[in-house]
Amino acid sequence: MRILVAEDDIDLGEIIVKKLSAEGYAVDSCTNGREALYYLESVRYHVAILDIMMPEMDGITTVKKLRANGNLTPVIFLTARDTVADKVKGLDIGANDYLVKPFSFDELTARIRAATRVVSANPTNVYSLADLTLDLESRIVKRGETEISLSAREYALLEYLLLNKNKILSRHKIEDNVWNYDYEGGTNVVDVYITYLRKKIDEGYSTKLIHTVRGIGYIMKEEK
């Protein structure tokens, strides 16, 4: 999933980006509200993590403008303000969640999962197709009873494919959601990682789950 982190504390922002990237998320970052609004209006994000006290445009104003433009990207506020009134104000203007600093990274990732469950209409932390399962909390992937080891990027790609199972996804759309905004890799990066996934997910099984749609991209569906 693709996440935007807007945090004016550069050290904290770098830590959050590093940890989320290690978890397999595609993460973009900025340090003020104007940049955050630009990113959110230019790219589709699954979640935005915004500091409230940012320069140029604070988080409250950023979310107000975002919602006024009809953008419903889930927003998690990070802030040192911990009064009930502050939390109520943040939620009332359109934020989806509120996390007080200092916070546990495990709690942040749990709140990210909760926010994306609402958007995807998936009531649990487990995505599945046929005998393939992906547990968002434990990050364990299985085909039947066999556990499959994936790299962070392979995991992110599989998560996105399962989130959109039975839908045809173009290469551009996959790259836009799984890789960072400033990624400058090879033009065939999606094809390369699809090949990696097929070897781990489909090789040796009669029921294939990852399929090529000629001239367009890929679809994940159950098909023998």
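Looking at this structure, is Lys64 within 16 Å of the chain's Cα centre (by Cα), of a type in the set (Lys, Arg) and surrounded by fewer than 19 Cβ atoms within 10 Å (Cβ to Cβ)?
Working: within 16 Å of the chain's Cα centre (by Cα): no; of a type in the set (Lys, Arg): yes; surrounded by fewer than 19 Cβ atoms within 10 Å (Cβ to Cβ): yes.
Against the criterion (within 16 Å of the chain's Cα centre (by Cα), of a type in the set (Lys, Arg) and surrounded by fewer than 19 Cβ atoms within 10 Å (Cβ to Cβ)), Lys64 does not qualify.
The single residue among Val63, Val100, Val27 that is β-branched (Val, Ile, Thr) and touching a Ser or Thr at 6+ places or on another chain (Cβ under 6 Å) turns out to be Val27.
Residues that are polar (S, T, N, Q) and part of a loop (DSSP other than H, G, I, E, B) were ranked within the stretch 59-97; the one that is farthest from Leu108 (Cα to Cα) is Asn69. Taking the condition of being charged (D, E, K, R) and either over 22 Å from Glu23 (Cα atoms) or outside the structural domain of Leu20 (by TED's automatic domain parsing) (or both), how many residues in the stretch 86-109 meet it? Result for the stretch 86-109: 4.
Residues in the stretch 140-158 that are within 13 Å of Leu197 (Cβ to Cβ) and at pLDDT 90 or above: 10 in all.
Scan Glu14, Glu41, Glu35 and give me the residue that is closer than 30 Å to Leu150 by Cα and either at pLDDT below 90 or assigned to a helix (DSSP H, G or I) (or both). Spell out how you get there, then give the answer.
Details: Glu41 fails: closer than 30 Å to Leu150 by Cα; Glu35 fails: closer than 30 Å to Leu150 by Cα.
Matching residue, one of Glu14, Glu41, Glu35: Glu14.
Take the residues in the stretch 100-122 that are assigned to a helix (DSSP H, G or I) and of a type in the set (Ser, Thr, Tyr); name whichever of them is modelled with the lowest pLDDT. Only one residue fits best here, namely Ser120.
The values are calculated or read from the model by the stated rules, or taken from the named source; none is laboratory data. These numbers were taken from a predicted model, which means no experiment stands behind them. Heads up, the Cβs are rebuilt from the backbone with ideal geometry, glycines too, and the neighbour counts pull from every protein chain shown.
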